[in-house]
1. Looking at the structure I just gave you, is Ala82 of a type in the set (Gly, Ala, Ser) and either modelled with pLDDT under 80 or out of contact with any Phe, Trp or Tyr (no Cβ under 9 Å at 6 or more places or on another chain) (or both)?
2. Consider only pairs whose beta carbons are under 8 Å apart and that are at least six residues apart or on different chains; among these, list those whose first residue lies in the stretch 139-168 and is more than 20 Å from Leu127 (Cβ to Cβ) and among the basic types (Lys, Arg) and whose second residue is in a helix (DSSP H, G or I) and modelled with pLDDT under 85.
3. Working carefully through the options Ala21, Ala37, find the one that is under 19 Å from Glu157 (Cβ atoms), out of contact with any strand residue (DSSP E or B) (no Cβ under 6 Å at 6 or more places or on another chain), part of a helix (DSSP H, G or I) and at pLDDT 75 or above.
4. What single numbered condition from (1) under 15 Å from Gly151 (Cβ atoms); (2) modelled with pLDDT under 80; (3) out of contact with any Leu (no Cβ under 7 Å at 6 or more places or on another chain) fails to hold for Ala93?
5. Evaluate the stretch 48-58: report whether one residue or more is surrounded by fewer than 16 Cβ atoms within 10 Å (Cβ to Cβ), over 30 Å from Ile164 (Cβ atoms) and at pLDDT 80 or above.
Amino acid sequence: MSIEADVTSLLVEWKSGNEDAKELLIPLLYDELHRMAERYLRNESGARTLQPTALVHEAYLRLVQHSLPDWESRAHFFGVAAYLMRQLLVEHARRNQTQKRGQGKVHLPFDEALTFAPESSRDIVNLDAALQALAEFDERKSKIIELRFFGGLTLDEVARVLTISPATVGREQRLAEAWLYREMQSEA
């Protein structure tokens with residue numbers, strides 16, 4: 001059985017209330033979440049000082065805080081994880097901008113480990129706004145960017161999550177990137 005099948009099976013068992021499945025699942029999920037965070041941070045030039053471990057811990061806490069999750073599959077879990085990582089990065093970027101403007105210091109649990117450059121904070125917030133606008137226009141293209149940019153998933157992984165071909169992911173990603181570029185240029 002592959003790790004992917006193991007994760008899906010354990011998620012289903014956890015959903016059914018099996019706490020042992022949750023304990024077996026934690027190391028499998030943590031390692032993959034950490035790889036997602038590392039891939040994102042490696043590709044984000046303005047986020048060199050971010051710590052993948054801090055981002056993963058906060059995302060993981062939010063992922064498992066519910067008493068009994070309703071995970072449909074491994075792909076569903078990691079899709080939600082990518083979304084949460086995006087939200088955490090946007091929240092931090094907004095707090096960083098607030099502090100920069102002198103509106104008081106806001107405490108974030110992993111604030112000491114996450115220190116964005118001011119330009120990066122602005123870019124993350126602008127990207128989030130553009131992704132929200134894209135989602136209103138074409139939700140799948142927005143999801144592709146979210147999974148690739150914030151989740152760090154490969155084309156093949158995104159294809160599996162969205163149950164489309166890798167070629168379709170690549171084509172829609174290019175269209176989404178062009179749309180986002182134009183949208184963000186008009187906001188600048």
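The values are calculated or read from the model by the stated rules, or taken from the named source; none is laboratory data. This one's a predicted model, so the numbers in the text were calculated from it and none came from an experiment. Neighbour counts are summed over all protein chains in view; Cβ atoms, including those assigned to glycine, are modelled from backbone coordinates with ideal geometry.
1. Judged against the criteria, Ala82 is not a match.
2. Arg160/Ala75
3. Only one candidate qualifies: Ala37.
4. Just one mismatch for Ala93, condition (1).
5. yes
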